[in-house]
Every structure is written in structure tokens, then in C-alpha cells.
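Below you'll find the structure, written out as C-alpha cells, and then a few comments.
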Amino acid sequence: MEDMRQDNRQIDGADRFIDSLIARAKQTDNRLGKIRQEIEYRWPEAVCDREQFETQVYRSGIEPFDRLFPTGGIPYGQFIELTGASGSGKTGLVLRLAAGMASHSAKVAYVDFCNCFFPLAAEYGGLEPARVVIVKPDTLGAGLRATELLLKHREVAIAICDLVGVTHELPVTILHRLRRKTIRARGLVIFLTDHTSDIVPASMASLRLEVSRLQPSRVAVRVSKSRICRPGRRIEVPLEDD
């Protein structure tokens with residue numbers, strides 16, 4: 001009888017130990033879940049499916065450009081900076097890229113900080129004016145906020161921020177919020193800047209392309225900085241179909 005009571009006590013002890021392990025596991029799962037939620041809020045791309053992230057890319061349809069990237073295009077959620085001197089062809093290039101990337105009638109936002117958007121230039125680049133949402137903000141903050149809202153509500157797939165002539169560095173806090181909205185919308189933001197400016201924080205842009213004109217309808221593109229392809233590569237891109 002004493003042996004049976006001792007066996008029962010051992011079984012009860014084992015049951016309590018197992019119950020404590022299960023409770024600890026649940027607490028750990030809850031903590032991990034909260035950590036995951038916090039990471040997903042701050043850095044959504046860090047917890048998305050890797051295969052989906054790498055296959056969800058924007059392809060321009062310009063073969064030399066798309067071949068720069070291992071995924072055959074630019075993964076969604078990126079900040080891209082296109083920079084060059086006046087007359088380098090960067091505006092023509094970005095419009096041509098956007099025309100190819102925003103397929104299936106998706107709209108493109110052109111946030112015109114310098115008040116120099118020319119609708120015929122978009123049409124020349126292959127981007128139908130009806131697919132362009134033109135924003136002419138009064139301030140830098142208003143323009144970035146408009147970009148954020150357009151992406152958040154899926155009104156556009158790609159946002160082009162023409163910052164030529166802007167001298168103030170973009171606020172990092174606002175850019176972090178804009179990047180989260182860009183990732184969640186599976187969008188893309190492209191900044192146009194002067195070649196002498198340094199207004200896009202180095203930590204924010206995934207790709208920096210330097211543009212220079214070779215001929216009236218052809219430009220050279222050099223990858224000066226990148227986290228999504230190999231830096232230092234240089235290609236030539238036509239601004240119209242050959």
C-alpha cells in the first residue's frame with residue numbers, strides 16, 4: 001500500500017512538472033507572438049515569407065535594367081534614388097521605368113516638389129497621363145504625407161518624388177513610416193535628386209543610381225550604392241523603344 005501511495009505521489013509530481021512545462025511554453029509562445037507583432041509593425045519585410053518577398057518584384061521590361069537584380073526586378077517595398085545633373089535624362093528614365101513597372105493599369109503618383117512635371121514627357125516615356133496622379137505639395141512634409149496616404153490606401157503602386165531643387169534632408173522619422181506603408185502596399189518609392197544633393201539619408205535608400213546622358217535618347221546608369229544588387233555595375237538604357 002505504501003508503495004502504491006509513493007507511486008501516486010511520483011505520478012502527481014510528474015503531472016505537475018508537465019503542466020508547468022506546458023504553461024511555460026504557452027507563456028513563451030505569447031512572448032514570441034508579441035515580439036513578432038512588434039517586429040512586423042516596425043519592419044514588416046523582416047517577417048514576410050522570403051519566397052514571396054523575392055518573387056514580388058517590379059520589372060521594367062527593359063532587359064539590361066532588370067538583369068541588374070538577382071530577382072529579375074526590384075523587390076517591392078524599396079526606396080530608390082535616381083540622381084544626375086540637369087539634363088542627364090533621369091526624369092525620362094524614371095518615367096520609362098514606371099511605365100513598365102506599373103503594369104495592368106496600375107497608377108503612378110508623381111509628387112512634384114519642384115513644380116516642373118510635364119505631362120507630355122510622361123506620355124513620351126510610355127506612361128499614359130490618365131494613369132498618373134499628380135501631387136503638387138506646398139511643403140516637403142505635406143508631399144511625403146500625401147505619398148504615404150496614396151500608398152496606404154492602394155491608390156497607386158509606384159510613387160515618384162521629384163526632389164530636384166530641394167535642399168533639406170528628408171526627415172528620417174517620416175521616411176521610416178513611409179517605408180512601412182510602402183512595404184504593406186507592396187509598392188515602390190523613387191526619389192529624383194540633384195547629383196550634388198545629399199538629402200536622402202544613406203540608411204534609407206536600398207538603391208542609388210547615377211544617371212548621365214550619352215545621346216538624346218540614351219542614358220548611362222551606374223549603380224553607386226545598393227543592398228539589392230551588385231554596386232559598381234554600369235549599363236546603357238534607351239529612353240524610347242529601339
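For Ser103, the conditions (1) over 24 Å from Glu128 (Cα atoms); (2) surrounded by fewer than 16 Cβ atoms within 10 Å (Cβ to Cβ); (3) at pLDDT below 90 are fulfilled apart from (1). Selection of first residues in segment 193-209 that are assigned by TED's automatic domain parsing to the domain that holds Ala85 and of second residues that are assigned to a strand (DSSP E or B) and surrounded by fewer than 16 Cβ atoms within 10 Å (Cβ to Cβ), restricted to Cβ pairs under 8 Å at least 6 apart or on distinct chains, gives the following pairs, ordered by first then second residue: Ala202/Lys225; Ala205/Lys225; Leu207/Lys225; Arg208/Ser224; Arg208/Lys225; Leu209/Arg222; Leu209/Ser224. Restricting attention to segment 144-155, the residues that are within 22 Å of Cys116 (Cα to Cα), under 13 Å from the mean Cα position of the chain (by Cα) and either buried (at least 24 other Cβ atoms within 10 Å of the Cβ) or hydrophobic (A, V, I, L, M, F, W, C) (or both) total 1. At least 2 residues being over 20 Å from Arg186 (Cα atoms) and in contact with an Asp or Glu (Cβ under 9 Å, 6 or more places away or on another chain) is the threshold, and among the helices (runs of 4 or more DSSP H) wholly inside segment 76-153 those reaching it are 90-101, 119-124. Among the candidates Thr193, Thr182, Thr173, the residue that is in a helix (DSSP H, G or I) and surrounded by 14 or more Cβ atoms within 10 Å (Cβ to Cβ) is uniquely Thr182.
Within segment 31-46, is there a residue that is of a type in the set (S, T, N, Q) and at pLDDT below 85? Give the steps one after another, and end with the answer.
Looking only at segment 31-46, we keep the residues that are of a type in the set (S, T, N, Q), and these are 37.
This time we only want the ones that are at pLDDT below 85, so: 37.
Yes, segment 31-46 contains at least one residue that is of a type in the set (S, T, N, Q) and at pLDDT below 85.
Only one entry of Asp242, Asp198 meets the criterion of being outside any strand (DSSP E or B), modelled with pLDDT under 90 and farther than 19 Å from Leu140 by Cα, and that entry is Asp242.
The values are calculated or read from the model by the stated rules, or taken from the named source; none is laboratory data. Since the structure is predicted, the reported quantities are computational estimates derived from the model, not experimental observations. Here the Cβ is made from the backbone with ideal geometry for all residues, glycine too, and neighbour counts use every protein chain on show.
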